[in-house]
Amino acid sequence: MTIALHAFDTPNGRKISVALEEMGLPYEVHVVDITKGEQHVPEFVAISPNHKIPAIVDTDGPHGRPVSVFESGAILIYLGEKTRRFWPSEPLAHIACLEWLMFQMGGFGPAPGQVHHFVALANEDDRRYGLERFQAETRRLYAVMNARLANHAYFAGADITIADFAILGWAWRHARHRVDLDDYPNVRRWYDALMARPAVARGFAVPLRRTA
Ligand SMILES: N[C@@H](CCC(=O)N[C@@H](CS)C(=O)NCC(=O)O)C(=O)O
């Protein structure tokens, strides 16, 4: 059984490499260089119809047949169900895991992603409104996370879940969206605890970009 991970070196790609490492699943990387338009190649679009990374192909899917999955949240849930790891069965933790996974997919990803876009614009007039709007929203989301982590070790409670991997992928880019984690001490504590895990380090180290 091998899982093919089609991804690039971005927050949404890293969520999945971290989860695969933490779950101990065998996988191989297929780099999809989105800076070169490889997300539009028909073979990739066949498994990711929205033309975006990440996507996976599991040769050992349901009924023992290959299956492809796109959308990082769907991939994390698929892997959680497959392994029964980082995917709590206890009902309250299960609900919390889903809540914080959806929080990431719906907000803490789209908002900092816009900061990454506007920050890169050279023209100050073009960037000002968008940067102010999405930086404010991104910082508001960090404050929400900081409040949650004031009395929970991880987003779904006492244990690490796929919601943490989802949020970590974006928190990993905090400097790029101009957030100082020291302004959010509970997020800082959570971030440092996760980044200290060997499997998380492997998930961030696996090459998702071609060197040559
Ligand atoms: N909701 C999607 C978002 C995926 C996404 O935005 N991927 C970006 C890289 S992080 C991408 O492939 N961008 C290429 C493009 O937009 O052309 C998910 O979570 O999987």
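Can you tell me how segment 50-162 classifies by the Cα gyration tensor, rounded, prolate or oblate, using a/c under 1.5 as the rounded cut? Intermediate values should be presented prior to the final figure.
On the way: a/c = 4.19, a/b = 1.43, b/c = 2.92.
It comes out oblate by the Cα gyration axes.
Between ILE3 and residues 5 or more places away or on another chain, which pairs have amide H atoms under 5 Å apart, with H built 1.01 Å from N, and which residues are they?
Answer set, sorted by chain and number: TYR27, GLU28.
Of the accessible area of segment 16-62, with the probe set at 1.4 angstrom, what percent is carbon plus sulfur? Spell out each step's value before the answer.
Numbers: 1210 of 2130 Å².
Answer for segment 16-62 is 57 percent, counting heavy atoms of protein chains only.
Dipole magnitude of segment 109-212 about its Cα centre, charges +1 at Lys/Arg Cβ and -1 at Asp/Glu Cβ only, in debye to the nearest 20? Walk me through the intermediate numbers first.
Numbers: 15 positive and 11 negative charges, 63 e Å.
In total the dipole reaches around 300 debye.
For segment 134-139, take each phi angle, set θ = phi - 60°, evaluate the Karplus expression 6.51 cos²θ - 1.76 cosθ + 1.60, and give the result in whole Hz per residue in order, putting x for glycine and proline.
My calculation for segment 134-139 gives 7, 5, 4, 5, 5, 5 Hz in order.
Run the accessible area of segment 91-212 with a 1.4 Å probe and give the carbon-and-sulfur part as a rounded percent. Spell out each step's value before the answer.
Working: 3380 of 6110 Å².
Using a 1.4 Å probe with all protein chains present, segment 91-212 comes out at 55 percent carbon and sulfur.
How would you classify the chain from its alpha-carbon gyration tensor, with a ≥ b ≥ c the square roots of the eigenvalues: rounded for a/c under 1.5, else prolate if a/b is greater than b/c, otherwise oblate?
Working: a/c = 1.85, a/b = 1.14, b/c = 1.63.
The shape class here is oblate.
Averaged per residue, what accessible area in Å² does the chain show with a 1.4 Å probe, protein chains only? Please list the in-between numbers first.
Details: 10210 Å² over 212 residues.
I get 48 Å² per residue for the chain.
Can you give the charge dipole size of the chain about its Cα centre, rounded to the nearest 20 debye, using +1 on the beta carbon of Lys and Arg and -1 on the beta carbon of Asp and Glu? All intermediate terms of the calculation are to be shown ahead of the outcome.
Working: 23 positive and 24 negative charges, 39 e Å.
Charge dipole of the chain: 180 debye, to the nearest 20.
Could you give me the ³J(HN,Hα) list for segment 18-26, computed from phi with Karplus coefficients 6.51, -1.76, 1.60 and θ = phi - 60°, whole Hz, x at Gly and Pro?
The phi angles translate into 5, 4, 4, 5, 4, 7, x, 8, x Hz.
Springs between alpha-carbon pairs under 10 angstrom, Gaussian network model over the chain: which of ARG85, ARG148, ARG133 fluctuates most?
Greatest mean-square fluctuation among the candidates belongs to ARG133.
Sort segment 123-212 into rounded, prolate or oblate with this rule: let a ≥ b ≥ c be the square roots of the eigenvalues of the Cα gyration tensor; rounded if a/c is under 1.5, and if a/c is not under 1.5, prolate when a/b is larger than b/c, oblate otherwise. Each step should come with its number before you reach the end.
Values: a/c = 2.57, a/b = 1.19, b/c = 2.15.
It is oblate, given that a/c is not under 1.5 and a/b is not larger than b/c.
Quick one: which of 69-78, 113-122 comes out on top by average Cβ neighbours within 10 Å, and what's the full order, highest first? Write down the numbers at each step before the final one.
Values: 69-78: 20.8, 113-122: 14.9.
Top to bottom by mean Cβ count within 10 Å: 69-78, 113-122.
For segment 8-75 and segment 158-212, what is the separation of their C-alpha centers, rounded to whole Å?
Their Cα centres are 19 Å away from one another.
The values are calculated or read from the model by the stated rules, or taken from the named source; none is laboratory data. From a predicted model like this one, the values you see are computed outputs, not experimental measurements. No Cβ is skipped: glycine too gets one built from the backbone with ideal geometry, and neighbour counts run over all protein chains shown. Heavy atoms of the whole protein, side chains included, go into the accessibility calculation; ligands, DNA and RNA do not. Shrake-Rupley method; radii C 1.70, N 1.55, O 1.52, S 1.80 Å.
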